[in-house]
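Accompanying notes for the structure given below.
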Amino acid sequence: GAFYASCIDEAAIERAGLSPLQPAFDRIAQLQSPRDFAPLVAALHHEGVAAPFGFGSTQDARQADQVVAGIAQAGLGLPDRDYYTKDDDRSKEIRARYVQHIAKMLQLAGSSAADAAKSAANIMALETSLAEAQMTNVELRDPTSLYNKLTRAQLDALTPNFSWPSFLAPIGQDSLPSIIVAQPKYLTRANELIASTPAATWRDYFRWHLLNNSASTLPKQFVETDFDFYGRFLEGKKEMLPRWERCANATDTMMGEAVGQLWTDRYFPAASKAAALQMVHNLIDALHSDIQTLDWMSPATQQQAIAKLQAYALKIGYPDKWRDYSALQVGNAPYATNVLAAQAFEFNRSIGKIGKPLDRTEWLMSPPTVNAYNNPPMNEIVFPAGILQPPFYSPTADDAYNYGGMGAVIGHEMTHGFDDEGRQYDLKGNLADWWTSADAEKFKQRAQCVIDQFSAYDALNGQHMTGELVVGESIADLGGLAIAYAAYQKSQQGKTPQIIDGFTPEQRFFLGWAQVWASNDTPEAARLQITTDPHPLSRFRVNGPLSNLPQFAAAYGCKSGDPMVRATQCNIW
C-alpha cells in the first residue's frame, strides 16, 4: 500500500525531482579510471542498473540442483542488438531518434544542449560497440553455447581491465570459485572498451542508464519524454495507461507475491484451481499416449521422453509458500526511492541464493500475471492464476472452448519441454543429450518445416518473420493444439455433443484458440516483436498451426488447395 501510494502521489514526485538519484549520480561522477569501474558497476547493480552486463544467480545447467553465479550480456538502451547493426532505413531512423532522445533526457537532468548532444553521440557509439559483440536472439536459443563455466583465474584472464574482487566484495560474493559466463565474447569486448573508452564517456553512459532505468519514477517531464520515444515512437502507442494502472503494474512487478496473496484470496476460487489441475492431467495423459505412437521417435527415446513428462512439476495458481518481503523497507519516501529499495531487495534476493540448495518451490511470475511458462532447468510447467480466467478459461464456458483456449496453452507449455531448446534438458533439468542421434536428426527435419513455414510469412511490408527465432514457440503451439484436441476428445467419451451458437464442439475448440489471440498491433509494435520476440505475431499463432492440422480442416470443411490447408503440412506431435 505504501509503495502504491508513493507512485500515485505525483505532487511528491515533482517535489523530489532527481534527488533520489543524486547519491548514484555522485558515485558515477567519481569514475576516473578503469580501477574505479568495478565498484561502481556493483553499486549500480544494487540500483537495478544492469550495465554493461547483468549479474545474478542461476541454476548450474550441468548440475541442476546447484545455484551458482551467472553473467550475461546487457547494457543497451535500444531493445535489441539488431537495432544497432541493421542498415535499413527504419533502423537508421530509430538510431537517430534514440540519440535525440538521450540528449533530451540529459538536458532535463541538467546538461546544456551542447553537452547533452555530445554525450548522446558518445553513448550511442559505445553502445554500438557493445551491441556488435552480443549474441543474436537466434544464437541465444542454444543453451549449450551459453554454458561457459569459468574459474576466477579464467575470468580474470578474460577481463584483465575489470577487477572482479572489487565487484564481488561489495556484494558479498568474493569467495566465488567460479562463474557461468553466457557470452565470453561480449565480456572480452566490454573489457577492451573499459581501457579504450574515455572515462568521461563511461560516466555519460552510466548516468544515462541510471536515468533511463528510473524514468518512470521521475517527474512528469521525464515520464512523458520516455513515453514519447519508447511508447509512441518505438511501439506506436497513442497514449499512456492511466496513472493508477501504471502504479498497479509497478507494484505487481516489484512485490508480485505480496499482491498475489491478496489477489488470489479474492479472485481465484478453489474450483478454478481444481479444474485447471484436472485439465493438466488430461493433457499429460494425451501427450503420453501421443509419444508412444510417434513413428519418427525410437522406443529408447520415447521411454526417456515419457519419463521426463511424468517428472513434470505442476504449479497451478499460486506458490505453496509466499515470498518474504520483510527485508524490503518501503515507507513515506519519494516513489523513486521506494523503487530503488525494491530493486536492491530483488538484487540481494537473487545473489543470496548463490551457493545454496535449489528452491524448487520458487515461481518466476506473480500469481495475477496473464501468462504461463515451461522452465526446462526445473522441468516444471507453471500456470499463474491470472491466466485461468477469460478468454483462456471460463467456468461458464463449454469444454470445447476451454480446451481450445486454456487446454492448448497447457499443451503448449508441456511440449516446450521437447522443443528445440527444451529437448536438450533431461528430467532433472540438466543439459544432457538423451536423444538418439537418428531421432534428433528426424526432429530437426520436422522443426525445419516449421522454420520454413514461418520464415515465409510476410509480417510487415516485406519484413518476414524469422523462423529460427520463433520455431520453439511455434512448435509448442502446433503440439499444444494437437495434444489438447486429443485430450478434449477423450474427455467427451460418453457425452452428447452440443451445438452452441451454431458451432459444433470441434469448431468451438478452434474458436477458443483463435479468441485467445484476438488482438490489434500497431506497425511499430509488430516490428518490435518481429525483431526481438520468440513468439510469432498473433495472427500467425492462429493461422500458422491451424493450417497444419487435419483436425481443423475436418471441423470447418476445408479442402486441399484452400488457404487454411498447407500443401506441406508440418507435424511433430
ask   = At 222 nm, what helix-only mean residue ellipticity would the chain give, in deg cm²/dmol to the nearest 500, using -39500 (n - 2.57) for each DSSP H run of four or more?
value = -16000 deg cm²/dmol
(i) 26.9; (ii) 25.7; (iii) 25.0, with the label sought being that of the calculated Kirkwood radius over Cα pairs in Å = (ii)
message = Suppose all protein chains stay in the model; what accessible area per residue would a 1.4 Å probe give for the chain, in Å²?
response = 43
request  = With label points built 7 Å along Cα→Cβ from the Cα atoms of Asp87 and Glu362, find their separation and express it in nm.
outcome  = 4.4
query = Where does helix 505-516 land angle-wise versus the long Cα axis of the chain, in degrees 0 to 90, nearest 10?
reply = 10
Backbone N under 15 Å from the Ile306 label point (7 Å along Cα→Cβ), restricted to the stretch 459-480 = none
message = With angles folded into 0 to 90 degrees, how steeply does helix 467-491 sit against the dominant principal axis of the chain? Use alpha carbons for both and round to 10.
response = 40
message = Just to confirm my understanding: which cysteines in the chain have no other cysteine beta carbon less than 4.7 Å from their beta carbon?
response = Cys558
request  = For the stretch 495-573 and the stretch 1-59, compute the distance between their C-alpha centroids and round to whole Å.
outcome  = 45
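So, R0 is 41 Å and r is the distance between the beta-carbons of Asp156 and Trp296; what FRET efficiency does that work out to, to 0.05? Before the final figure, lay out the partial values.
Values: r = 48 Å, r/R0 = 1.16.
E(calc), rounded to 0.05, equals 0.30.
If R₀ is 51 angstrom, what is the calculated FRET efficiency for the pair Lys428 and Gln221, using the beta carbon separation as r and rounding to 0.05? Could the numbers behind the result be given before it?
On the way: r = 52 Å, r/R0 = 1.02.
Using R0 = 51 Å, I get an efficiency of 0.45.
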query = By how many nm would the segment from Ala327 to Ile8 grow when fully extended, if each residue of separation counts as 0.36 nm and the alpha-carbon distance is taken off?
reply = 112.5 nm
ask   = Pairing the Cα long axis of helix 335-351 with the longest principal axis of the chain, what angle in degrees results, from 0 to 90 and rounded to the nearest 10?
value = 70
inquiry  = Residue by residue through the stretch 547-553, what is 3J(HN,Hα) from phi via Karplus (6.51 cos²θ - 1.76 cosθ + 1.60, θ = phi - 60°)? Round to whole Hz and write x for glycine and proline.
reply    = 6, 9, 9, x, 5, 5, 4
key: Highest to lowest packing among 322-335, 474-487, 498-511, scored as the average C-beta count within 10 Å   = 474-487, 498-511, 322-335
task = At 7 Å along the Cα-to-beta-carbon direction for both Gln66 and Met240, put a label point, then send me their distance in nm to one decimal.
result = 4.7
query = According to a simple spin-label model (label point 7 Å from Cα along Cα-to-Cβ), what is the distance in nm between Glu132 and Thr144?
reply = 3.0
message = Computing the accessible area with a 1.4 Å probe over protein heavy atoms, can you report the carbon and sulfur percentage for the chain?
response = 51
Quarter of the Cα convex hull surface for the stretch 289-347, i.e. its orientation-mean projected area (nm²) = 7.8
remark   = Of the candidates His288, Ser350, Gly331, the farthest towards the positive dipole end of the stretch 255-364 (Lys/Arg Cβ +1, Asp/Glu Cβ -1, centred on the Cα centre) is Gly331
task = Would you grab the residues whose amide H sits under 5 Å from the one on Tyr425? Only those 5+ places off in sequence or on another chain, please, with H modelled 1.01 Å from N.
result = Ala432
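The values are calculated or read from the model by the stated rules, or taken from the named source; none is laboratory data. Since the model is a prediction, treat every value here as computed from it, not as a measurement. Quick reminder, even Gly has a Cβ in these numbers, built from the backbone with ideal geometry, and neighbours come from all protein chains shown. Areas reflect the complete protein model, heavy atoms only, side chains present, ligands, DNA and RNA absent. Shrake-Rupley method; radii C 1.70, N 1.55, O 1.52, S 1.80 Å.
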